Ligand code: PRX
């Protein structure tokens, strides 16, 4: 199997042998000299494994083996812990991942009926947790906060569901949500889920054009937004962007009848907001008038839950479609195990609900587990760089920045190189908190390769092992699966419940992009290395791979080497067209005051490549950058 854990390996045997391993952890943390990056093992700290849901590698292997040999049994047992109006039949799932055998199809729990909102709210309330805090909201300004218990959240969701039904939104209709991280954002997602409407959240940092493009593609019956938001000291007038996007969409024949607007009075008063009578409605004027109970729409497990657009490397954005049943089970289960969830935890994911991380690990995964989730409206740098740790301490009520309440740290979206890993581990987590470096994608719905924090030692910079039910394969450029220690294209051999089912309106593009490159596999687009102990190391997008004299070098590998120098805070590496040279040495290194990053922390290497090859009129949409001025600085710096 892909779990290439060699039993002859001294270190891994060490994991299996129990308590003695703690000494090795100390040795590593204290900086015992290590042979190479790959050999550095960081063990769970004392006491962590004993209390963990999966407390040893053996226990993981046993569960993993079962999940691969009997996926139907494994997942249906987990699914039985949720509420289903009607159960699935004999066939728990069907899949065809091989284009040579016909249309690509993935179905889980087909024919069963359920509702995600019911499982996240009503079910937890019925279990006696109605008084537990569901959302702990922290505003942009320190001291501006609010909270909702599970019962209060359900009431708010029901009011909005009733309103949406009243304006004619039915099962299967799309609703675009363009909102900042107010509590009303998860409320809007859950209200759609309750009545069977398909939400499409558009990150509220996207430009008019990006929003219009998404509206034209999914043709929503309504848009839910808010008038403005403060991010740090900046006020962003979201409603103006929506107005322009709706004009743009109308030009393309898509007329949206309703624009429900939440008045965010801490950013802007309603009197100052531009308004179109007949189309625009203030949330506060209508929604609170509706009943606080609302019947659930029972949905087929394979009905769509949401669309989320992800930028394609070429052409229009791809509408990634996730369905109800499988996504519900997969996000709930990955959340539970990757974060070793305990009911007493207060959990904070800093991602915005405009990204998949916010869908799966702010809204659905945690609430399905009955967790208390922190939702943060502001920016991590406002009023100063200590804001995150301020929030961590605030919700545990300990002294300023003690971070004693932290149990587990998570990381996602970019390779976390070993130096950054060690900083997070040693400085933020006091060498005590395991790091869940979770590898996944918008398309995968939930984590595919992730540490289980109490089960095995970590290697800084590696996402470690596959989650239950996931069979990764590293293939070469011809699609041959490589065995053991190797590096190549990261693909997946089988379906898992949280996999996306199609690209909205373009099943052919779904097949071409993900299933045609290597017949029989889902192709992730990422490069990956598997080491001698079976650990997986993500090396970056394969479109970013640098080819030097036939040697294929992952951007992440060069970046890791650069940031291992103490003077280098972070690095982004791209290849430019060049004569074939004999050595893999960088031609130029530019020192830069900052890198072009999205607000979710992803480095936009596409922009760097264009700058490096001086294709300055092809920079594309830079509106999602956290700080677009970085681009001008980089252009000036790289003018050679
Ligand atoms: O290249 C991988 C990188 O982010 C891509 C997916 O991006 P997106 O669909 O926006 O989803 C972000 C949240 C999952 C992947 O193809 N990536 C994600 N997680 C990691 C990662 N690269 C390295 N290590 C990770 N843990």
When you scan region 418-469, how many residues do you find that are farther than 20 Å from residue 557 by Cβ and away from the ligand (no atom under 14 Å from the Cβ)?
18
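Please go through region 74-85 and pick out each residue that is in contact (Cβ under 8 Å) with a residue 12 or more places away in the chain and within 17 Å of residue 330 (Cα to Cα).
Of the residues in region 74-85, the ones in contact (Cβ under 8 Å) with a residue 12 or more places away in the chain are 74-76, 78-79, 82-85.
Selection gives 74, 75, 76, 78, 79, 82, 83, 84.
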Given the residues 191, 120, which is the only one that is buried (at least 17 other Cβ atoms within 10 Å of the Cβ), more than 30 Å from residue 268 (Cα to Cα) and modelled with pLDDT of 95 or more?
120
One residue is enough: does region 248-262 have a residue meeting the conditions under 26 Å from the mean Cα position of the chain (by Cα) and either within 28 Å of residue 193 (Cβ to Cβ) or surrounded by 14 or more Cβ atoms within 10 Å (Cβ to Cβ) (or both)?
yes
In region 125-155, what residues are surrounded by fewer than 23 Cβ atoms within 10 Å (Cβ to Cβ) and in a helix (DSSP H, G or I)?
125, 126, 127, 128, 129, 151, 152, 155
Which residue pairs have Cβ atoms closer than 7 Å, lie 6 or more positions apart in sequence or on different chains, and pair a first residue in region 600-615 that is in a loop (DSSP other than H, G, I, E, B) with a second residue that is more than 16 Å from the ligand (Cβ to nearest atom)?
613/576; 613/577
For region 380-391, indicate whether the set of residues that are more than 16 Å from the ligand (Cβ to nearest atom) and closer than 30 Å to residue 118 by Cβ is non-empty.
no
Hey, any hits in region 171-185 for a residue that's closer than 22 Å to residue 157 by Cα, touching a helix residue (DSSP H, G or I) at 6+ places or on another chain (Cβ under 7 Å), buried (at least 23 other Cβ atoms within 10 Å of the Cβ) and free of Cβ contacts under 8 Å to residues at least 40 places away in the same chain?
no
I'm trying to understand the selection: among the residues of region 533-553, which are at pLDDT below 90 and more than 12 Å from the ligand (Cβ to nearest atom)?
546, 547, 548, 549, 550, 551, 552, 553
Given the condition part of a loop (DSSP other than H, G, I, E, B), buried (at least 18 other Cβ atoms within 10 Å of the Cβ) and free of Cβ contacts under 8 Å to residues at least 40 places away in the same chain, answer yes or no: does some residue in region 421-429 qualify?
yes
Go over the candidates 94, 5, 86 one by one and state the one that is modelled with pLDDT under 90 and either surrounded by 13 or more Cβ atoms within 10 Å (Cβ to Cβ) or over 28 Å from residue 486 (Cα atoms) (or both).
5
Test: residue 285 is under 29 Å from the mean Cα position of the chain (by Cα) and more than 30 Å from residue 329 (Cα to Cα)
no
Failed condition for residue 106, given (1) more than 27 Å from residue 370 (Cα to Cα); (2) in a helix (DSSP H, G or I); (3) under 28 Å from the mean Cα position of the chain (by Cα); (4) modelled with pLDDT of 95 or more:
(2)
Counting just the residues of region 403-417 that are outside any strand (DSSP E or B) and more than 7 Å from the ligand (Cβ to nearest atom), which one comes out nearest to residue 537 (Cα to Cα)?
417
Quick check on region 276-310: of everything there that is crowded, with 17+ Cβ neighbours inside 10 Å and within 16 Å of the ligand (Cβ to nearest atom), which residue is farthest from residue 605 (Cα to Cα)?
306
Check off (1) touching a strand residue (DSSP E or B) at 6+ places or on another chain (Cβ under 6 Å); (2) surrounded by 20 or more Cβ atoms within 10 Å (Cβ to Cβ); (3) within 18 Å of residue 474 (Cα to Cα) for residue 497 and give me the number that stays unchecked.
(3)
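Is it the case that region 503-512 has a residue that's within 21 Å of the chain's Cα centre (by Cα), more than 27 Å from residue 459 (Cα to Cα) and more than 14 Å from the ligand (Cβ to nearest atom)? Quick ask: steps written out before the conclusion?
We begin by selecting, within region 503-512, every residue within 21 Å of the chain's Cα centre (by Cα); these are 503-504, 510.
Now restrict to residues that are more than 27 Å from residue 459 (Cα to Cα): 503-504, 510.
Filter again for more than 14 Å from the ligand (Cβ to nearest atom), leaving 504, 510.
Yes, that holds for at least one residue.
Here's the yes/no breakdown for (1) within 11 Å of residue 436 (Cα to Cα); (2) part of a loop (DSSP other than H, G, I, E, B); (3) free of Cβ contacts under 8 Å to residues at least 12 places away in the same chain:
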site: 452; (1), (2), (3): yes, yes, no
site: 455; (1), (2), (3): no, yes, no
site: 460; (1), (2), (3): yes, yes, no
site: 468; (1), (2), (3): no, yes, no
site: 474; (1), (2), (3): no, no, no
site: 479; (1), (2), (3): no, yes, no
site: 487; (1), (2), (3): no, no, no
site: 490; (1), (2), (3): no, no, no
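The values are calculated or read from the model by the stated rules, or taken from the named source; none is laboratory data. No experiment lies behind these values; they were computed from the predicted model shown. Every residue, glycine as well, gets a Cβ built from its backbone with ideal geometry; the counts of neighbours run over all protein chains shown.
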